[in-house]
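Colleague: Can you keep this structure in mind? I'll have questions shortly.
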Amino acid sequence: MLPPALAGNALVYECIKTLTTIHPSPVLVAGAMESVARFLGARENNLKYAGIDALTRLVRLDPKHAQVG
């Protein structure tokens, strides 16, 4: 059984992947970007990797998501 935090992060990551395959609303994209920022700031390398992958998917959706800040 996965630890709750790991399972929750996996679920968020899968939601971001799904979001990038549909026509998402700006509110969903904003929430996804917040999660990506959290992943990228994590200590665990697996979460950082998930953040990089998710960010890549969001940038493919709209390059403006690559802007800082």
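Colleague: Label points 7 Å out from Cα along the Cβ direction at V59 and K17: separation in nm?
Modeller: Result: 2.0 nm between the two label points.
Colleague: Tell me the Kirkwood radius of the chain: reciprocal of the mean inverse pair distance over distinct alpha-carbon atoms, in Å.
Modeller: 12.2
Colleague: To continue, here is another question. What 222 nm value per residue comes from the helices of the chain, counting each DSSP H run with n ≥ 4 as -39,500 (n - 2.57) and dividing by all residues, nearest 500 deg cm²/dmol?
Modeller: Taking each H run of at least 4 residues, the total per residue is -23000 deg cm²/dmol.
Colleague: Report the charge-dipole magnitude of the chain in Debye, nearest 20, computed about the Cα centre from +1 at each Lys and Arg Cβ and -1 at each Asp and Glu Cβ.
Modeller: It comes to approximately 100 debye.
Colleague: Carbon and sulfur: what percent of the chain's accessible surface (1.4 Å probe)?
Modeller: 63
Colleague: Now, a different point. Using only the alpha-carbon atoms, how far is helix 4-19 inclined from the longest principal axis of the chain? Give it as 0 to 90 degrees, nearest 10.
Modeller: 20
Colleague: What relative contact order, as a whole-number percentage, does the chain give when Cα pairs under 8 Å and 6 or more residues apart are counted?
Modeller: After rounding, I find 27 percent.
Colleague: GNM, the chain, Cα, under 10 Å: largest mean-square fluctuation among V36, V27, V59?
Modeller: Top of the fluctuation ranking is V27.
Colleague: Between 0 and 90 degrees, rounded to the nearest ten: what's the tilt of helix 26-40 against the longest Cα principal axis of the chain?
Modeller: Relative to the chain, helix 26-40 is tipped by roughly 40 degrees.
The values are calculated or read from the model by the stated rules, or taken from the named source; none is laboratory data. Note that this is a predicted model, so its numbers are computed, not measured. Heads up, the Cβs are rebuilt from the backbone with ideal geometry, glycines too, and the neighbour counts pull from every protein chain shown. The protein model used for the area step is the full one, side chains on, heavy atoms only, and it has no ligands, DNA or RNA in it. Shrake-Rupley method; radii C 1.70, N 1.55, O 1.52, S 1.80 Å.
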